[in-house]
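Trainee: Mind looking over this structure? Questions follow.
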Amino acid sequence: MKIAENVYSVRAVDPDIRTFHGYQTPIGTTYNSYLVTDKQITLIDFVKAPFAQGLADKIRTIIGDGNVENIICNHVEPDHSGALPHIVSLYPEAMIYGTANCEKELHAYYPDCNFKFTVVKAGDSLNTGVYDFQFVPMPMVHWPDSMSTYMAQEKILFSNDALGQHIGTGELFDSDLGDGQLLARAQDYYANIVLPFGIQVSKLLSAVSVFDIRTICPSHGVILREMIAPMIETYHSWANNEIDEKKAVIIFDTMWGTTKKMAQRLAEEYRQKGCAVELINLSEKHHSYAMAELLDAKYIMVGSPTLNNGMMPTVSAFLTYMKGLKPKNRTGMAFGSYGWSGEAPKQISDILIACDFEVLPMQRVLWNF
Ligand code: FEO
């Protein structure tokens, strides 16, 4: 699919995938790869391994018996590099361009694959005839190897995982999506993948602010043309950890309903205080949904009844996941019902403290109220 003069999307759509290292993707995703047909032909990023032949077929449809001479590898994670061995077997003379960490990690992932590699750093560029590709390393957005690439002549930023969304449907451009869908899916994505790296995201936004960007081609989801400004503005707010002081998210599981009643009671209390409240029962909603909801919430309240001297497994999984994603400057509270030993709220409080939250006194209820 042509997206600009001599620039093609050769992506793979994966509508059925439902998990992305712990992140539930209810409408699947895409693995976006781009082909630029200049005097030299350049592939930007690969796709996931099962889609390697499809990528090769799409390239062949566009360039026939021509050769891919350059491959820009913005990121090593296998959803973007998995097709490397197959593509390199078809174009063994292609030069791969990426960061020093990219080279190291590609050799570790594909020890049996011989490929040519040129290490690039900030400010380096590649000329392919008419077009110039300027490299912008973005370490820890979200791996050490991560990089974005700017193509000046068409004013395109190939942003890799930054500014992406897990949308596994047929839409190609932001204008093809319904209202609100783009930023909602970008919010899921940021909360579940990029959240720990706000400082690094700010550096990236600063680095690319010098470019005239008319199109953003991320490695997941739709291409941005009309929504560039709102997306960048929203990314600034997430990277700066901007929080709604009047938003509370209450996340819980329940055995026989008492902890659920506690959650509802808390919800009413915080609504009375003027807060917007989101109640999330982890037996009904996945923990990655909870992450998206708490991205900008000041209050994060977590409830579990005590089960076998501990908390419910859904709550434990959520807390492990949230702690790793490092939300900052929050106020937390633990709550839960119990019958005899009652350890769960204390265990939850300890984890909220370990998250560096300000933690309010926990609430416990014996049997019922
Ligand atoms: Fe989309 Fe970090 O891989």
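The values are calculated or read from the model by the stated rules, or taken from the named source; none is laboratory data. Bear in mind that the values here come from a model prediction, so they are computed numbers and not experimental data. Glycine also receives a Cβ, built like all others from the backbone with ideal geometry; neighbour counts cover every protein chain displayed. Areas reflect the complete protein model, heavy atoms only, side chains present, ligands, DNA and RNA absent. Shrake-Rupley method; radii C 1.70, N 1.55, O 1.52, S 1.80 Å.
Trainee: When the solvent-accessible surface of protein heavy atoms is calculated with a 1.4 angstrom probe, in what order do M312, M227 fall, highest first? Let's see the in-between values first.
Mentor: Details: M312 25, M227 60 Å².
Result of the area sort, largest leading: M227, M312.
Trainee: Still on this model: For the range 175-187, take each phi angle, set θ = phi - 60°, evaluate the Karplus expression 6.51 cos²θ - 1.76 cosθ + 1.60, and give the result in whole Hz per residue in order, putting x for glycine and proline.
Mentor: Each residue's phi maps through the Karplus curve to give 5, 7, 8, x, 4, x, 5, 4, 5, 5, 6, 5, 5 Hz.
Trainee: Please work out the Cα convex hull volume for the range 184-289 and give it in Å³ per residue. Present the calculation step by step, with values, prior to reporting the outcome.
Mentor: Details: hull volume 12.9 nm³, N = 106.
It is 122 Å³ per residue.
Trainee: Sticking with this one: Rounded to the nearest 10 Å², what accessible area does R60 have for a 1.4 Å probe in the complete protein model?
Mentor: Rounded to the nearest 10, the figure is 100 Å².
Trainee: Still on this structure: Taking the chain as the reference, fit the longest principal axis to its C-alpha atoms, fit the long axis of helix 100-109 to the helix C-alpha atoms, and give the angle between the two in degrees, 0 to 90, nearest 10.
Mentor: Helix 100-109 sits roughly 80 degrees off the main axis of the chain.
Trainee: Return a whole-number percent for the relative contact order of the chain, with Cα pairs under 8 Å and 6 or more residues apart as the contact set. Let's see the in-between values first.
Mentor: Numbers: 797 pairs, mean separation 43.6, N = 369.
Computed over the chain, the figure is 12 percent.
Trainee: Please list the non-local residues whose amide H lies under 5 Å from the amide H of V359, H modeled 1.01 Å from N, same-chain partners needing a gap of 5 or more.
Mentor: For V359, whose amide H was placed from the backbone, the distant partners under 5 Å are G332.
Trainee: Still on this structure, please answer the following. Could you derive backbone 3J(HN,Hα) for the range 236-248 from the dihedral phi with the Karplus parameters 6.51, -1.76 and 1.60 (θ = phi - 60°), listing whole Hz in sequence and x where the residue is Gly or Pro?
Mentor: For the range 236-248, the Karplus-derived couplings read 4, 5, 5, 5, 8, 6, 6, 10, 8, 5, 10, 10, 10 Hz, x marking Gly and Pro.
Trainee: Still on this structure, I have one more. Which number comes out as Rg/Rh for the chain once both Rg and the Kirkwood Rh are worked out on C-alpha atoms? Write down the numbers at each step before the final one.
Mentor: Details: Rg = 23.0 Å, Rh = 22.0 Å.
Taking Rg over the Kirkwood Rh, I get 1.05.
Trainee: Please identify, among H21, H86, H75, the residue showing maximal mean-square fluctuation in a Gaussian network model of the chain using a 10 angstrom Cα cutoff.
Mentor: Comparing H21, H86, H75 in the GNM, the peak value goes to H21.
Trainee: In addition: Would you mind counting up the charge near F335? Only other residues with Cβ under 15 Å from its Cβ, with Lys and Arg at +1 and Asp and Glu at -1.
Mentor: Details: positive: K260, K261, R265, K346, R364; negative: D253, E268, E269, E343, D350.
Counting the neighbours of F335, the net charge comes to 0.
Trainee: So, one more: Using the beta-carbon distance between E269 and K155 and R0 = 45 Å, what value does 1/(1 + (r/R0)^6) give for FRET efficiency, to the nearest 0.05? Could the numbers behind the result be given before it?
Mentor: Numbers: r = 51 Å, r/R0 = 1.13.
The computed FRET efficiency comes out at 0.30.
Trainee: So for the pair D212, H236, with labels modelled 7 Å out along Cα→Cβ, what separation do we get in nm?
Mentor: 2.1 nm
Trainee: Shifting gears a bit: Once you have the Kirkwood Rh of the range 303-369 from its Cα pairs, apply Stokes-Einstein at 25 °C and 0.890 mPa s and quote D in µm²/s. List each step's numbers first, then the result.
Mentor: Numbers: Rh = 12.0 Å.
Once the numbers are plugged in, D ends up at 205 µm²/s.
Trainee: Continuing with this model, one more query. Compute the Cα gyration tensor for the range 77-121, then decide on rounded, prolate or oblate, letting a ≥ b ≥ c be the square roots of its eigenvalues: rounded whenever a/c is under 1.5, prolate when a/b is larger than b/c in the other cases, and oblate in all that remain.
Mentor: Working: a/c = 1.65, a/b = 1.19, b/c = 1.38.
Judged from the Cα gyration tensor, the range 77-121 comes out oblate (a/c at least 1.5, b/c at or above a/b).
Trainee: With Cβ to Cβ distances under 12 Å as the rule, what net charge do the other residues near I71 carry (K, R +1; D, E -1)?
Mentor: Numbers: positive: K116; negative: D45, E69, E93.
Taking every Cβ under 12 Å from that of I71, the sum is -2.
Trainee: For the range 29-70, build the convex hull from the C-alpha positions and give me its volume per residue in Å³.
Mentor: On the way: hull volume 2.8 nm³, N = 42.
With only Cα atoms used, the range 29-70 gives 68 Å³ per residue.
Trainee: First measure r as the distance between the Cβ atoms of K246 and A184, then evaluate 1/(1 + (r/R0)^6) with R0 = 25 Å and state the FRET efficiency to the nearest 0.05.
Mentor: Values: r = 20 Å, r/R0 = 0.80.
FRET efficiency, K246 to A184: 0.80.
Trainee: Let me ask something additional. Rounded to the nearest 10 degrees, what's the angle between the helix 344-354 long axis and the longest principal axis of the chain, both from Cα atoms, 0 to 90?
Mentor: Its long axis makes an angle of about 50 degrees.
Trainee: In degrees between 0 and 90, to the nearest 10, how far off the longest principal axis of the chain does helix 258-272 point, with axes built from Cα atoms?
Mentor: 80 degrees
Trainee: Over the Cα atoms, compute the radius of gyration (one decimal) and Dmax (the largest Cα-Cα distance, rounded to a whole number) for the range 260-324, in Å.
Mentor: Rg then Dmax for the range 260-324, in Å: 12.2, 37.
Trainee: Restrict the search to the range 276-316; then list the GluC sites (Glu not before Pro) that DSSP places in a loop and that have at most 13 other Cβ atoms within 10 Å of their Cβ.
Mentor: Details: sites: E278, E284, E293; in loops: E284.
Here the sparse-neighbourhood loop sites are E284.
Trainee: Another question about this same structure. Could you provide, to the nearest whole Å², the per residue accessible area of the range 42-157 with probe 1.4 Å?
Mentor: Details: 4580 Å² over 116 residues.
I get 39 Å² per residue for the range 42-157.
Trainee: On a full-extension model of 0.36 nm per residue, what is the gain between L90 and K104, subtracting their alpha-carbon distance, rounded to one decimal in nm? Intermediate values should be presented prior to the final figure.
Mentor: Values: separation 14, 0.36 × 14 = 5.04 nm, distance 2.22 nm.
Gain in length upon complete extension: 2.8 nm.
Trainee: While we're here: In Å and on Cα atoms, what radius of gyration and Dmax does the range 244-366 show?
Mentor: That works out to 12.8, 37 Å for Rg and Dmax.
Trainee: If DNA, RNA and ligands are ignored and the probe is 1.4 Å, what is the ranking of W256, W340, W143 by accessible area, most exposed first? Walk me through the intermediate numbers first.
Mentor: Working: W256 230, W340 205, W143 55 Å².
Largest accessible area first, the residues go W256, W340, W143.
Trainee: Excluding Y270 itself, calculate the net charge of residues whose Cβ lies under 11 Å from the Cβ of Y270, where each Lys or Arg counts +1 and each Asp or Glu counts -1.
Mentor: Charge balance near Y270 sits at +3.
Trainee: Based on Cα positions only, what radius of gyration and what Dmax would you give for the range 121-202, in angstroms?
Mentor: Here Rg and the maximum Cα pair distance are 14.6, 40 Å.
Trainee: State the volume of the convex hull built on the alpha-carbon positions of the range 34-166, expressed per residue in Å³ and rounded to an integer.
Mentor: Details: hull volume 13.6 nm³, N = 133.
Per-residue hull volume (Cα only) is 102 Å³.
Trainee: Next question. If you roll a 1.4 Å probe over the range 244-366 with all protein chains in place, what percent of the accessible area is carbon or sulfur? Walk me through the intermediate numbers first.
Mentor: Working: 2850 of 5460 Å².
Percent of accessible area from carbon and sulfur atoms in the range 244-366: 52.
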